[in-house]
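To keep things clear, I will list the structure first and then write my remarks on it.
The values are calculated or read from the model by the stated rules, or taken from the named source; none is laboratory data. Keep in mind that what you see is a predicted model, and the values were worked out from it rather than measured. Methodologically, a virtual Cβ is constructed for each residue, glycine included, from the backbone with ideal geometry; neighbour enumeration extends over all protein chains shown.
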Amino acid sequence: GAVVSQHPSWVICKSGTSVKIECRSLDFQATTMFWYRQFPKQSLMLMATSNEGSKATYEQGVEKDKFLINHASLTLSTLTVTSAHPEDSSFYICSARQESFNTEAFFGQGTRLTVV
Amino acid sequence: GDSVTQMEGPVTLSEEAFLTINCTYTATGYPSLFWYVQYPGEGLQLLLKATKADDKGSNKGFEATYRKETTSFHLEKGSVQVSDSAVYFCALGDDKIIFGKGTRLHILP
């Protein structure tokens, strides 16, 4: 199956600093990429949808100035958590799909962010 | 907006038992429906999918049928194994993919 690589798998940063998470589709071109935040007790919250070459669409309640998403190419999207605070500590997961509509997405392994 | 509701867990069954995990959805259009599985310590993997009404998705002994009349996509397996222990997510996808809250499944030997 298609492979999505997410890096880093875990990161610890100090409050007030920024951290960047990369998501790459290794063997296909991803028209659309999604970023999720997975909370304790499993639930995945969609943060934003990004299409290559255009601005990301953020879900209601997600601060676009805090969670910067860049989908610069058909194989790479980045999520930058700016001025991180302890409440941003979470598990962030990206996914990617080839078509922009109605097809399955493939998931990265996730990034555990801890802000101290 | 679109949403997915699935049964709360955890679900605990003995090996070889019959499994049903309920999933219902709300959507304005005609989305594809998916079941994803997350094994301990791993990322999400697509288990099966259905793209239109009455389609049946199947994989690894699991099945789910896209029921438009009841807006449901229940996951079933006739005889579960210990290795099926994982978290199962129902999802719908059109321009974005929305997940249910997940159901943790424990299979006892």
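Quick notes on this one:
- Matching residues, the range B:1-17, being within 14 Å of chain A (Cβ to nearest Cβ), small (Gly, Ala, Ser) and out of contact with any strand residue (DSSP E or B) (no Cβ under 6 Å at 6 or more places or on another chain): B:Gly1
- Residue in the range A:34-54 that is away from chain B (no Cβ under 14 Å) and free of Cβ contacts under 8 Å to residues at least 24 places away in the same chain present: yes
- Scope the range A:72-116; condition in a loop (DSSP other than H, G, I, E, B), away from every other protein chain (no Cβ under 14 Å) and either surrounded by fewer than 20 Cβ atoms within 10 Å (Cβ to Cβ) or among the polar types (S, T, N, Q) (or both); matching residues: A:Leu74, A:Thr75, A:Thr82, A:Ser83, A:His85, A:Ser89, A:Val116
- Hits in the range A:58-76 - residues which are at pLDDT 95 or above and among the hydroxyl-bearing types (Ser, Thr, Tyr): A:Tyr58
- Meets criteria (of a type in the set (Ser, Thr, Tyr) and within 19 Å of A:Cys13 (Cα to Cα)) for A:Ser83: yes
- Counting only strands (runs of 3 or more DSSP E) that sit completely within the range B:18-109, those holding 2 or more residues that are surrounded by 13 or more Cβ atoms within 10 Å (Cβ to Cβ) and facing chain A (nearest Cβ under 10 Å) correspond to B:32-38, B:44-50, B:86-93, B:97-99, B:103-108.
- The listed residue being part of a strand (DSSP E or B) and either touching a residue at least 40 places away in the same chain (Cβ under 8 Å) or away from every other protein chain (no Cβ under 14 Å) (or both), out of A:Ile69, A:Ile21: A:Ile21
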